[in-house]
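So the structure is just underneath, and the comments pick up after that.
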Amino acid sequence: QVQLVESGGGLVQPGGSLRLSCAASGNIFSVATMGWYRQAPGKQRELVATITSSASTNYADSVKGRFTISRDNAKNTAYLQMDSLKPEDTAVYSCNADVLTWGALQRRLFWGQGTQVTVSS
(Lines give C-alpha, C1' and ligand atoms only; values in the text may rest on other atoms or scores of the structure.)
Protein backbone atom coordinates (compact mmCIF):
# COMPACT_ATOMS: atom_id res chain seq x y z
CA GLN A 1 0.00 0.00 0.00
CA VAL A 2 2.47 2.60 1.20
CA GLN A 3 6.24 2.40 1.14
CA LEU A 4 8.72 4.63 2.95
CA VAL A 5 12.29 4.60 1.71
CA GLU A 6 15.11 6.30 3.61
CA SER A 7 18.40 7.30 2.04
CA GLY A 8 21.46 9.38 2.83
CA GLY A 9 23.02 7.48 5.70
CA GLY A 10 26.68 6.61 5.92
CA LEU A 11 29.93 7.11 7.76
CA VAL A 12 30.95 10.63 8.76
CA GLN A 13 33.58 12.12 11.03
CA PRO A 14 32.64 13.95 14.22
CA GLY A 15 31.61 17.50 13.40
CA GLY A 16 30.48 16.50 9.94
CA SER A 17 27.08 16.62 8.28
CA LEU A 18 24.64 14.28 6.61
CA ARG A 19 21.24 14.77 5.01
CA LEU A 20 18.69 11.99 5.24
CA SER A 21 15.66 11.66 2.98
CA CYS A 22 12.44 9.74 3.51
CA ALA A 23 10.19 9.31 0.49
CA ALA A 24 6.66 7.99 0.87
CA SER A 25 4.95 6.42 -2.13
CA GLY A 26 1.98 4.26 -2.97
CA ASN A 27 -1.75 4.59 -2.45
CA ILE A 28 -1.51 7.96 -0.68
CA PHE A 29 -4.34 10.46 -0.31
CA SER A 30 -2.61 12.65 2.24
CA VAL A 31 0.30 12.58 4.66
CA ALA A 32 0.01 14.24 8.05
CA THR A 33 2.92 14.15 10.48
CA MET A 34 6.25 12.66 9.40
CA GLY A 35 8.96 11.81 11.86
CA TRP A 36 12.50 10.62 12.28
CA TYR A 37 13.49 8.16 15.01
CA ARG A 38 16.75 6.43 15.83
CA GLN A 39 17.90 3.33 17.63
CA ALA A 40 21.44 2.80 18.80
CA PRO A 41 22.76 -0.68 19.65
CA GLY A 42 21.43 -1.84 23.00
CA LYS A 43 19.12 1.14 23.37
CA GLN A 44 15.45 1.80 22.81
CA ARG A 45 14.21 3.65 19.77
CA GLU A 46 13.92 7.37 20.45
CA LEU A 47 12.29 10.33 18.79
CA VAL A 48 14.61 12.62 16.85
CA ALA A 49 12.24 15.08 15.19
CA THR A 50 8.75 15.40 13.76
CA ILE A 51 7.11 17.75 11.28
CA THR A 52 3.43 18.29 10.54
CA SER A 53 1.93 18.97 7.14
CA SER A 54 1.88 22.67 8.05
CA ALA A 55 5.61 22.50 8.91
CA SER A 56 5.35 22.67 12.69
CA THR A 57 8.39 20.93 14.09
CA ASN A 58 9.42 19.19 17.28
CA TYR A 59 12.93 18.05 18.27
CA ALA A 60 14.54 15.91 20.90
CA ASP A 61 16.62 18.01 23.27
CA SER A 62 19.74 16.10 22.26
CA VAL A 63 19.56 17.32 18.65
CA LYS A 64 18.13 20.82 19.01
CA GLY A 65 20.30 23.38 17.25
CA ARG A 66 22.15 20.69 15.28
CA PHE A 67 19.44 18.86 13.30
CA THR A 68 16.78 20.37 11.04
CA ILE A 69 13.71 18.54 9.79
CA SER A 70 11.89 19.71 6.68
CA ARG A 71 9.51 18.31 4.09
CA ASP A 72 8.29 18.65 0.54
CA ASN A 73 4.55 17.98 0.62
CA ALA A 74 4.31 17.69 -3.16
CA LYS A 75 6.82 14.83 -3.07
CA ASN A 76 5.63 13.29 0.24
CA THR A 77 9.24 13.47 1.33
CA ALA A 78 10.81 14.45 4.63
CA TYR A 79 14.41 15.43 5.17
CA LEU A 80 16.71 15.48 8.17
CA GLN A 81 19.72 17.76 7.92
CA MET A 82 22.21 16.68 10.56
CA ASP A 83 25.09 19.02 11.38
CA SER A 84 27.78 18.98 14.06
CA LEU A 85 27.41 15.23 14.32
CA LYS A 86 28.70 13.46 17.41
CA PRO A 87 29.66 9.81 17.99
CA GLU A 88 26.57 9.46 20.18
CA ASP A 89 24.42 10.20 17.12
CA THR A 90 25.43 6.82 15.72
CA ALA A 91 22.28 4.77 15.19
CA VAL A 92 19.85 3.35 12.66
CA TYR A 93 17.59 6.22 11.63
CA SER A 94 14.05 5.39 10.58
CA CYS A 95 11.22 7.55 9.38
CA ASN A 96 7.49 7.21 9.77
CA ALA A 97 4.48 8.85 8.22
CA ASP A 98 0.87 9.21 9.31
CA VAL A 99 -0.94 8.40 6.07
CA LEU A 100 -4.51 8.45 4.85
CA THR A 101 -4.75 6.08 1.90
CA TRP A 102 -7.35 6.28 -0.83
CA GLY A 103 -10.58 4.66 0.31
CA ALA A 104 -9.56 4.43 3.95
CA LEU A 105 -11.58 5.89 6.82
CA GLN A 106 -8.66 6.55 9.15
CA ARG A 107 -4.95 7.18 9.02
CA ARG A 108 -2.28 4.56 9.57
CA LEU A 109 1.32 4.87 10.62
CA PHE A 110 3.86 3.48 8.18
CA TRP A 111 7.58 2.94 8.80
CA GLY A 112 10.64 2.77 6.62
CA GLN A 113 13.37 0.15 6.92
CA GLY A 114 15.97 2.52 8.29
CA THR A 115 19.38 3.79 7.29
CA GLN A 116 22.62 3.48 9.26
CA VAL A 117 24.41 6.61 10.42
CA THR A 118 27.86 6.12 11.90
CA VAL A 119 29.83 9.00 13.37
CA SER A 120 33.43 8.01 13.92
CA SER A 121 36.96 9.21 13.26
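Return yes when ARG107 is over 18 Å from GLN1 (Cβ atoms) and either of a type in the set (S, T, N, Q) or in contact (Cβ under 8 Å) with a residue 12 or more places away in the chain (or both) and no when it is not. Taking the combined requirement at face value, the residue does not satisfy it. Among the residues of segment 11-20, those identified as out of contact with any Asp or Glu (no Cβ under 7 Å at 6 or more places or on another chain) and either part of a loop (DSSP other than H, G, I, E, B) or surrounded by 13 or more Cβ atoms within 10 Å (Cβ to Cβ) (or both) are VAL12, GLN13, PRO14, GLY15, GLY16, LEU18, ARG19.
The C-beta contact set for segment 41-59 (first residue more than 13 Å from TYR93 (Cβ to Cβ) and of a type in the set (Val, Ile, Thr), second residue outside any strand (DSSP E or B) and open to solvent by less than 70 Å² (accessible area, probe 1.4 Å), distance under 9 angstrom, 6+ apart or interchain) comprises THR50/SER56.
Residue by residue, here is whether (1) among the basic types (Lys, Arg); (2) modelled with pLDDT of 95 or more; (3) under 10 Å from the mean Cα position of the chain (by Cα); (4) assigned to a strand (DSSP E or B) holds:
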site: GLU6; (1), (2), (3), (4): no, yes, yes, yes
site: ALA23; (1), (2), (3), (4): no, yes, yes, yes
site: THR33; (1), (2), (3), (4): no, yes, no, yes
site: TRP36; (1), (2), (3), (4): no, yes, yes, yes
site: GLN44; (1), (2), (3), (4): no, yes, no, no
site: VAL48; (1), (2), (3), (4): no, yes, yes, yes
site: ILE69; (1), (2), (3), (4): no, yes, yes, yes
site: TYR79; (1), (2), (3), (4): no, yes, yes, yes
site: SER94; (1), (2), (3), (4): no, yes, yes, yes
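Evaluating TYR93 against the criteria (1) among the hydroxyl-bearing types (Ser, Thr, Tyr); (2) open to solvent by less than 30 Å² (accessible area, probe 1.4 Å); (3) more than 14 Å from VAL119 (Cα to Cα) leaves one unmet condition, (3). Sort out which residues of segment 42-69 are in contact with a Phe, Trp or Tyr (Cβ under 7 Å, 6 or more places away or on another chain) and under 17 Å from THR115 (Cβ atoms), and write them in order of number. Within segment 42-69, ARG45, GLU46, LEU47, VAL48, ALA49, PHE67, ILE69 meet the criteria. For segment 60-87, a residue qualifies if it is more than 16 Å from VAL12 (Cβ to Cβ), in contact (Cβ under 8 Å) with a residue 24 or more places away in the chain and open to solvent by less than 30 Å² (accessible area, probe 1.4 Å), and the qualifying residues are ILE69, THR77, ALA78.
The values are calculated or read from the model by the stated rules, or taken from the named source; none is laboratory data. A quick note: this is a predicted structure, and the numbers were derived from the prediction, not measured. For neighbour counting, all protein chains shown are included, and Cβ atoms are generated from backbone atoms with ideal geometry for every residue, glycine included. What goes into the accessible areas is simple: the full protein's heavy atoms, side chains included, and nothing from ligands, DNA or RNA. Shrake-Rupley method; radii C 1.70, N 1.55, O 1.52, S 1.80 Å.
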